[in-house]
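Read through the structure below, which is laid out as structure tokens, and then see the notes.
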Amino acid sequence: MTSSRTTSRRPAADGTPPGGGFAWELLLPTAAAPARRRGRALQEALRDAVRSGRLAAGTRLPSSRALAADLGVSRGLVTEAYEQLVAEGYLRSGRGSGTWVGDAVRSGVPAAQGPVRGRRSAVVDFRPGSPDLSLFPRAAWAAAFRTVVGELPHRGLSYPDPRGLPGLRTALAALLTRRRGVVADPDCLVVCAGVTQATALLGLVLHGHGERAIGVEDPGSPVHGPVFAACGLRMTGLPLDPEGLATGPLRRSGVRTVMTTPSHQFPTGIAYSARRRVELLDWARSVDGLVVEDDYDGDFRYDRAPVGALQGLDPDRVAYTGSVSKSLAPGLRMGWLLVPPRLLDEVVERKRTIDLGNPSLDQAVMARFVEHGDYDRQLRRCQRAYRERRDILVGALTERFPGVEVSGIAAGLHIIARLPERYGPEERFMAAARAAGVSVRPLTEHELTPVAEPGPGVRLVLGYAHLAPSEIVRGVDLLAAGADG
């Protein structure tokens, strides 16, 4: 290539880019490619230049003869590249008018964002719902994975049973029977991509049965609303009392399905009383209804043995779901759904049509992880860490916010803190928390039915599992300093 070609940068009078400058930008990826890949490399380089905006819409390209000479390739290779990109819409051409960059492409590179004013990254984030991902057992999981990859037969990599691998369903059924007191028939257990997919599967089946509403705890989890709405179900908020879901409003609501967290209600931390559990099942039988039990953190109980699952009392009226999102990691997207036999076939068919089943390798690794005791060891490890962090949070709140009332501490990964009235109203406290760099969530954000006249105090839902002990203490100190300021 001559020096005039590599240094000239001015376009020709007709707008054609200079041959050397244009060719030089495409030369590197093309020249570095093996001879058999040069055509593909040229096409990729042209696409990238158009997508990135280096070749703007309306830019005229060099003739195939000129570009071939600059690149040292055959003219046919360039002609084929031009024709391919014309067919894809990147370029346009006309007989005798040359080849131009088309105007259909929009750059995939996001526009540069200036600094956002008025926003601060949280120094400490107490919002609930996250485990400590640093506790994920990488070494044990990797060892299980290596073993599974070495031993899994070829047929094990085919499409799985949409319910899940038989080995995993058997292992999970034994685990849930032992730890949570459920009635777990492996044939009625469906492996899902977390509780969200389990909820969606049930919602779609219920909608197919003519249901149009579902009862939910109020306050409750905000994540279920969009899932139910996508299934064509509207949510009916049902109030709680000290024993759990209030059955009077439930009977008057007219719904025949209700979503509950009876072992550790989210977010209040209530464990349904024995009487309330019986009343809830009596209601389900009287309306030919269904109770959906989300056992989202049933394994994490610190002061006594975990409360057994509601499903064990009536497997025909309770659909039970849980996941490893808190015990291992939400990114695994693995959970389970124990389905009453009358709904099983429809749920399995929905699962089949949605995704053809969860990844086989992940299921096989999880099965081995459970069978060899690694999952139990992980639960014990998390329980020790989370109990320590709970105690540190309660102690720090008691010290820095005299008169605070703390509840929901017996289990789970968060607590409820009711601050004395002098720290209210809520809006003022939340503004002070933001100014101090602390993210917190008030209990009111979990309420479906806003209170007409909220009280003067502040009620907070404080997650702690994902925070190191030092972060917990620092966060409470910042909250107190901001509130006192």
Self-check item: J(HN,Hα) series, segment 391-399, from Karplus relation 6.51 cos²θ - 1.76 cosθ + 1.60, nearest Hz, glycine and proline x
Solution: 4, 5, 5, 4, x, 5, 5, 4, 6
Quiz prompt | Most to least accessible of Ile214, Ile409 (protein chains only, probe 1.4 Å) | solution = Ile409, Ile214
Practice problem: Using the Karplus curve 6.51 cos²θ - 1.76 cosθ + 1.60 with θ = phi - 60°, work out ³J(HN,Hα) for each residue of segment 407-424 in order, rounded to whole Hz, and write x for Gly and Pro. | Solution: 9, x, 8, 6, 7, x, 10, 8, 10, 10, 10, 9, 7, x, 4, 5, 8, x
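With a sphere of radius 14 Å drawn around the Cβ of Ala81, what net charge do the other residues whose Cβ falls strictly inside it have (Lys, Arg +1; Asp, Glu -1)?
Values: positive: Arg37, Arg38, Arg40, Arg47, Arg65, Arg75; negative: Glu44, Asp48, Asp70, Glu80, Glu83, Glu88.
Taking every other residue near Ala81 into account, the sum is 0.
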Quiz item: To the nearest 0.05, how large is the calculated FRET efficiency for Asp103 and Val223 if R₀ is 30 Å and r is the Cβ-Cβ distance?
Solution: 0.10
Quiz item: Solvent-accessible area per residue for segment 180-222 at a 1.4 Å probe radius, Å²?
Solution: 28
Quiz prompt | Cα-based helix-to-principal-axis angle, 166-180 vs the chain, degrees rounded to 10 | solution = 40
Quiz prompt | segment 245-256 - phi-based ³J(HN,Hα) in whole Hz, Karplus 6.51/-1.76/1.60, Gly and Pro as x | solution = 5, 6, 7, x, x, 4, 5, 7, 6, x, 6, 10
Quiz item: Once fully extended, how much extra length lies between Arg352 and Phe136, figured as 0.36 nm per residue of separation less the alpha-carbon to alpha-carbon distance?
Solution: 74.8 nm
Quiz item: What part of the accessible area of the chain, given as a whole %, is carbon or sulfur when the probe is 1.4 angstrom?
Solution: 52
Self-check item: Loop-located trypsin sites (Lys or Arg not before Pro) in segment 236-313 whose Cβ has at most 14 other Cβ within 10 Å (DSSP)
Solution: Arg304
Quiz item: Using alpha-carbon pairs under 8 Å, 6+ residues apart, how would you state the relative contact order of segment 340-458 in percent?
Solution: 17
Quiz item: If one takes the longest principal axis of the Cα atoms in the chain, at what angle in degrees, from 0 to 90 and to the nearest 10, does the Cα axis of helix 360-371 lie?
Solution: 30
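The values are calculated or read from the model by the stated rules, or taken from the named source; none is laboratory data. Please read these numbers as outputs of a predicted model, since none were measured by experiment. Neighbour counts run over all protein chains shown; Cβ positions are idealised from the backbone, glycine included. Note: areas computed on protein heavy atoms with side chains; ligands, DNA, RNA excluded. Shrake-Rupley method; radii C 1.70, N 1.55, O 1.52, S 1.80 Å.
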